[in-house]
Every structure is written in C-alpha cells, then in structure tokens.
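Scroll down for the structure; my scribbles are underneath it.
The values are calculated or read from the model by the stated rules, or taken from the named source; none is laboratory data. The model shown is predicted, which means the values in this text are computed figures rather than measured ones. Ideal geometry is used to build each Cβ from the backbone, glycine not excepted, and the neighbour counts take in all protein chains shown. Remember, those area values only see protein heavy atoms, side chains included, never the ligands or the DNA or RNA. Shrake-Rupley method; radii C 1.70, N 1.55, O 1.52, S 1.80 Å.
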Number of protein chains: 2
Amino acid sequence: VERITIIGLGLIGGSIGLALKAASLTGIEIVGYDKDAHAAGDARRLRVVDKSQRSLHSAVRDARLVIIATPITAVRGVMEEMAGELPEGCVVTDTASTKAAVMGWASELLPATVSFVGGHPMAGKETSGVQNADADLFAGKPYCVIPAPDASEGAVQLVTGIVQLVGARPFFIEADEHDRYVAAVSHLPLILSAALFTLVRSSPAWPELSSLASSGFRDVTRLASTDAELSHDICLTNRESVLHWLDRAVEELGRYRELLQEGREEELFEKFARAQLDRDTYVTAGPPVREPVAAGEPLTSGEQLAALLVGQRLVRRVRGMGKPPENRQEGGRRRGAGGRDRP
Amino acid sequence: VERITIIGLGLIGGSIGLALKAASLTGIEIVGYDKDAHAAGDARRLRVVDKSQRSLHSAVRDARLVIIATPITAVRGVMEEMAGELPEGCVVTDTASTKAAVMGWASELLPATVSFVGGHPMAGKETSGVQNADADLFAGKPYCVIPAPDASEGAVQLVTGIVQLVGARPFFIEADEHDRYVAAVSHLPLILSAALFTLVRSSPAWPELSSLASSGFRDVTRLASTDAELSHDICLTNRESVLHWLDRAVEELGRYRELLQEGREEELFEKFARAQLDRDTYVTAGPPVREPVAAGEPLTSGEQLAALLVGQRLVRRVRGMGKPPENRQEGGRRRGAGGRDRP
C-alpha cells in the first residue's frame, strides 16, 4: 500500500481526498493531518481520507506523496516541521494560491532527497471547510504545476498524474509568471468583489439596497465570501502584483468615469459593446488553446498511480537496475522513463 | 377579451409575455409590437404573444394595459408616438432600469386620460433577445413599482397584480430613490464587471490569463456581457448617481490599496473578515425584511386580472354606478376599491 498524505483538511485538501477516492484506486492509502482535530475527525467521517494521524511527523513518515493544502502562510511552518521526517524520494506538492513564496520556502527548507512540485488548482468556492469538500471541484479546471528546478521527472509525472486524476487540466508555468497572472484573474476580482460588497453594505440605505439587490449584485460580490485568511495571505504573499493590478483597475474605472462625466456617449457605448463582444466570445469559445506541456497520458488506473508513487528510481532498484538513491538528478533527466515501457 | 400590449419584444418583454401566458389566464389577449419585424416574428413563433401588430398605433389602440419594454432611451419616442392612440382609462407601465427620466417623459407626453405606473423588474441575464426569454426570469425577484402622482389606485393595483402574476415581489419606491439605489446594487457592479473584463482582456498576456481564469473571474465579469445598449442607456439616464458610486468605489479600492501598501496586515484581515461575515449573513438570512406596501392579495385567476384590466371606473359604469370617466382622481383616492367586494 502506497501512502498519500494530505496536510490541511479544508475545502481544497478535502476535495482532493474525495476526488482521489472517487477514482477507486487500489493499493493507495490516503492519510490526513490537520492541526485542528475536529477537522481531521470530520474528514474521517466524510471519508475524505482513509485515516488521519495526530501528529504531522507520523502523517508524513511513510508517505510517497505529501500534499500541503494548508493556508498559504502556514506552508512554511509545515515544511520546516516535517522536513526531517520525509522519506527519501518522497514527492511534496502544495495547493497555495501564490507560488513564488512557496517555491522559496521549499528550496530553503526541504531536504535534497525529496522533490518539490508546486501546485495551484484554479478552483474554489465561497464556502470553506472540509464539510464543503466536493469530488468534482477541480473537474475541467486549470491546475498550475510549478516544478522546482531540481525536481525529478518522476515527481513531475506523479503530480501531473494526480492533477489529471482529480479531473483538472495541468498548466505548466513559472512561479513568478503564475503570481503575476493570478493577480489579474483571481486576486483582483477578489478585491473588487470584497470592495463592492463592503461599500454597499456600509451604506445607511443597506436595508433598501439589499432588498433591491438581485442576481447581478450577488454574482459580482460572490468572492467577498472568500475565506478571509486566504484573502489576507494572498495579499501578503503577492503584494506587488496585486498592487499593480489594483492600480490598473482604478485607472480603468477612471476611463469609464471620464467618458461618463464628459458625456462621450459614443465612446462609452463602444467600450461596453467591446466588453460584451469579447466576453461573449471568451465564454462561448473558451480561452485561446494552449497545449499542456509534457502532460503525458492521463492515468487510468490505481496501478499506474502506484507505479508513479513508488517512483522510477525505486522501480529500477526493485528490478535490480537501480542507481544509488542519492543520484536523483539522473532520473530527472531521463524523459519518458516511468513504470511503463514506451515505444 | 381584454388586451395587454407589450412594446419591445426582447428578453424582458418576452419573459413577461411567457410568464403571463404561463399563468393560463382566460379572457386576456397578449399583443406584441417590436419595430424589428424579426423579433416580432420570433415572439409569435415562441408563443410569447398571442399576436403581433405591424404598427405601434394598432398595437395600443384597444389595449387596457401597455407594457413598454424597449431600451430606456427608446421609451420617450414610444410614448410620444403612441400617446394619441391610447384608449381612455388605459394603464401604461414600463420596465426601464432607470426611473426618473421615464417618469418625466410619462408626465410630459402621456395624456391625462391614462395612468402611468413605472416598473423595474430587478432581474435579467447576460443574454438578450426574445429567444432567451424565460417565464421564470422574475420568480422571487424584487420588482420596483413607481406610480405617477396622478395614477389611479386601480392602475396601481393592476400593475401590482401583473408583478405578482409574473412571480415577482412588488417593491414600492420613489423614482429618485430608485435611481440612487440601483446605481449602487446594479449599475456600479455592471461597470466594475465590465472594467475588470476590459482590463484583463486588453493585457498582452490574455492567452495565458484566460487559460488560468476560473469560476471567480467568470462570475465577477458576468455583467460585462450585459447588452451594451442597456449599459449605455443606464449610464446616460442615471449619470449623477453612477458617478457618485463610481467615486466611492475608487475610494474603497484606495483603502484596500493603502492597507496593502503599508503592510497593515491585521486591518486588511479584518476588512476581509468583515466582508466575508456580512456577505455570508446576507446570503443566508436574506435582506432585512421590508414589507411590501399595499401589495394586496396576489391575483389567482384570469377573471381577477380581467376585472383589474377593465378597471374600477368601467366596472362601476357598467353597473350603472359610474362617475364620469374623466374624473380619474376620485377613483385614485378610494383605497381598496376594485372588482371584488371587501369586508
């Protein structure tokens, strides 16, 4: 039995657990840990994990794959605390919404005998906690994969396999690029949404305003219900990019204001018409196609996942073809090597 | 057969038609008019109306109730053109998203022999046109009712009855108050949504940004798909209130910016936490209760609607109890008078 350990049993960690269990994998055991014993108990009851451990150390001790799904700012502490207990050859990934800070912590804190492959599922909902976990949360969603420079190829394949198993589309990207991009499509919408809600909510006319508000207000303010710790951590770990996009948003609002103030009706109409046309195209046609990079074939069985979990080096060692385990770069450079033969 | 005429067969006019027809009213005929003959043809085919007329004049000539569901800026022209053809005692309503301008046009252009009761259903979707009409569009939604100062009580009851028949909740409000309030809960979200989409769409990194964008971006930008003519007309007819709220939104974004820039983490967290808590309360508990004013009992049959359509004065005249038809103020002051006896 190969062990996958999920650290942090909230909405994301719980949904990964459910999605993995929905794949009915054999030979895989999913272990959970949460510093909140109630969350761990809920996760067990909801069958998000096969079992949970009371200590981080025992949770990661025999793990082939560790998925850190805690709040962003807790990731550093988790890495620090578990570093000494991680088995050699173990693969570590995370689910944090910002990546540069996390990649830095991994490089600084994790031992050279493990591979780190950062991850960020572009999915969520406005309700948090393991009780809102959903096996379909990631279905069809982009899932950023950011391998550390020294991650083995087997580790990248494993994390990519997990991404596909939970139903998401792997999206390979650099950490800095990731943080700049998600500031635009995720963090700025979050702040706009929270600011709109806060503004309207604080009006003395709130009783009337809220009676009149309909689906438009509800949709645009949906992200105001985002877990405040997440919002805060995002701002803290992606400050420059968030500030950049916030400034650009204020500029853009200024352009609307100017057209409105100066009665430049035709230009205002054109601006709305362009937005309508472009968004309709985006929603109908989807984003411009960007091929997943080296995603490989999706995993279709627990055996394939187990093979990835055991890892290429171990597979070779078992077969008597092994290189010394510490020679991890070698495995990383061999493209296409894995548990299966390829033509 | 009493005639209800819908002028403007788009999403809103079409949905009102469908909702009225879903109520299976007997003795009511729904006539449509659209200056676009294709839209009128579609409306007939989709059974949104019983029949359509080729001219505005013939459409309104025998109507008991005229519902103007055109774009806002077209309302004035419709009123001007149909004014001379409206039967005495006819009730006119509209569905425009701003009300002060419309109430002014009605007062200026409609004859004293008809009653105007402004309306604004707080419902919509990001797709327009009669082909997207939906009988359930108004279900449970607030529907603003703004009687002209000289509207008869029967007219108010009739429009309120229609509001309830299409499944909405009547919300009585003054025109100026309406425009200030919807600027906050409807027009500001629209501009924020369009500005966010426009900003991100115009980035050179759009191919990557759009690949990464997920449900959050999609929801917050949903209103960017609003019909551009509607967005433009709203800005044009509610300029001062929209500017007011736009300025306040920029101020609010500035507060987030300041906390972020100055690293005031605790305050930032508190701001997000307050927004999360308040929005969750709003979504779970709904708005503070505000009782509908004088909404009366919901209509439950076509006969009741027909009685309202025929109107109190006509009912009395038929019964030989009538006042002269031009004495419309009298009817307007008698509370509770209608087609039915009340205790």
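The residues of the range A:1-41 that are assigned to a helix (DSSP H, G or I) and farther than 26 Å from A:Glu80 by Cα, listed by number, are A:Leu18, A:Ala19, A:Leu20, A:Lys21, A:Ala22.
If we scan the range A:249-261, do we find a residue that is closer than 30 Å to A:Gly8 by Cβ, aliphatic (A, V, I, L, M) and assigned to a helix (DSSP H, G or I)? The answer is no, given that none of the residues of the range A:249-261 is closer than 30 Å to A:Gly8 by Cβ, aliphatic (A, V, I, L, M) and assigned to a helix (DSSP H, G or I). Of the residues in the range B:43-58, none is among the polar types (S, T, N, Q), under 19 Å from B:Val166 (Cβ atoms) and in contact (Cβ under 8 Å) with a residue 40 or more places away in the chain. Kindly provide the set of residues from the range A:126-155 that are farther than 20 Å from A:Thr226 by Cβ and in contact (Cβ under 8 Å) with a residue 60 or more places away in the chain, ordered by number. Within the range A:126-155, A:Ala135, A:Asp150, A:Ala151, A:Ser152, A:Glu153, A:Gly154, A:Ala155 qualify. Answer yes or no as to whether B:Pro170 is more than 9 Å from every other protein chain (Cβ to nearest Cβ), touching a Phe, Trp or Tyr at 6+ places or on another chain (Cβ under 7 Å) and not aliphatic (A, V, I, L, M). Judged against the criteria, B:Pro170 is a match. Out of A:Leu260, A:Leu236, which single residue is touching an Asp or Glu at 6+ places or on another chain (Cβ under 7 Å) and more than 26 Å from A:Pro287 (Cβ to Cβ)? Residue meeting the stated conditions: A:Leu236. Of the residues making up the range B:98-134, those that are of a type in the set (Gly, Ala, Ser) and under 17 Å from B:Ile7 (Cα atoms) are B:Ala106, B:Ser115, B:Gly118, B:Gly119, B:Ser128, B:Gly129, B:Ala133. Scanning the range B:59-84 for residues that are part of a helix (DSSP H, G or I) and open to solvent by 10 Å² or more (accessible area, probe 1.4 Å) yields a count of 9. What are the residues in the range B:166-185 that are within 22 Å of B:Ser241 (Cβ to Cβ) and out of contact with any helix residue (DSSP H, G or I) (no Cβ under 6 Å at 6 or more places or on another chain), if any? Across the range B:166-185, the qualifying residues are B:Phe171, B:Phe172, B:Ile173, B:Glu174, B:Glu177, B:His178, B:Val182.
Consider the range A:109-155 and keep the residues that are crowded, with 23+ Cβ neighbours inside 10 Å and part of a helix (DSSP H, G or I). The one that is nearest to the other protein chains (Cβ to nearest Cβ) is A:Val130.
Restricting attention to the range B:262-275, the residues being open to solvent by 20 Å² or more (accessible area, probe 1.4 Å) and part of a helix (DSSP H, G or I) number 8.
Among the conditions (1) within 24 Å of A:Leu196 (Cβ to Cβ); (2) in contact (Cβ under 8 Å) with a residue 24 or more places away in the chain, B:Tyr181 misses just one, which is (2).
Yes/no per residue for (1) under 26 Å from B:Asn132 (Cα atoms); (2) charged (D, E, K, R):
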| position | (1), (2) |
| --- | --- |
| B:Ile4 | yes, no |
| B:Leu9 | yes, no |
| B:Gly13 | yes, no |
| B:His57 | no, no |
| B:Glu88 | no, yes |
| B:Val91 | no, no |
| B:Pro111 | no, no |
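Could you look through the range B:169-190, keep only residues that are aliphatic (A, V, I, L, M) and in contact with a Gly (Cβ under 9 Å, 6 or more places away or on another chain), and pick out the one that is surrounded by the fewest Cβ atoms within 10 Å (Cβ to Cβ)? So the residue we want is B:Ala175.
Between A:Glu29, A:Glu88, A:Glu2, the distinction of being open to solvent by 30 Å² or more (accessible area, probe 1.4 Å), within 15 Å of A:Val114 (Cα to Cα) and acidic (Asp, Glu) belongs to A:Glu88 only. Yes or no: B:Gln261 among the polar types (S, T, N, Q), facing chain A (nearest Cβ under 7 Å) and more than 33 Å from the chain's Cα centre (by Cα)? Taking the combined requirement at face value, the residue satisfies it.
Here is the figure for the range B:91-102: residues that are surrounded by fewer than 24 Cβ atoms within 10 Å (Cβ to Cβ) and in contact with a strand residue (DSSP E or B) (Cβ under 7 Å, 6 or more places away or on another chain) total 0.
For the range A:191-212, residues that are open to solvent by 10 Å² or more (accessible area, probe 1.4 Å), at the interface with chain B (Cβ under 7 Å from one of its Cβ atoms) and farther than 26 Å from A:Asp247 by Cβ total 3. Of the residues making up the range B:243-258, those that are more than 7 Å from every other protein chain (Cβ to nearest Cβ) and closer than 16 Å to A:His244 by Cβ are B:Gly254, B:Glu258. Look at the range A:219-238: where a residue is more than 7 Å from chain B (Cβ to nearest Cβ) and under 19 Å from B:Ser214 (Cα atoms) and a partner is assigned to a helix (DSSP H, G or I) and charged (D, E, K, R), sitting 6+ places away or on another chain with Cβ atoms under 6 Å, you get A:Asn238/A:Asp179.
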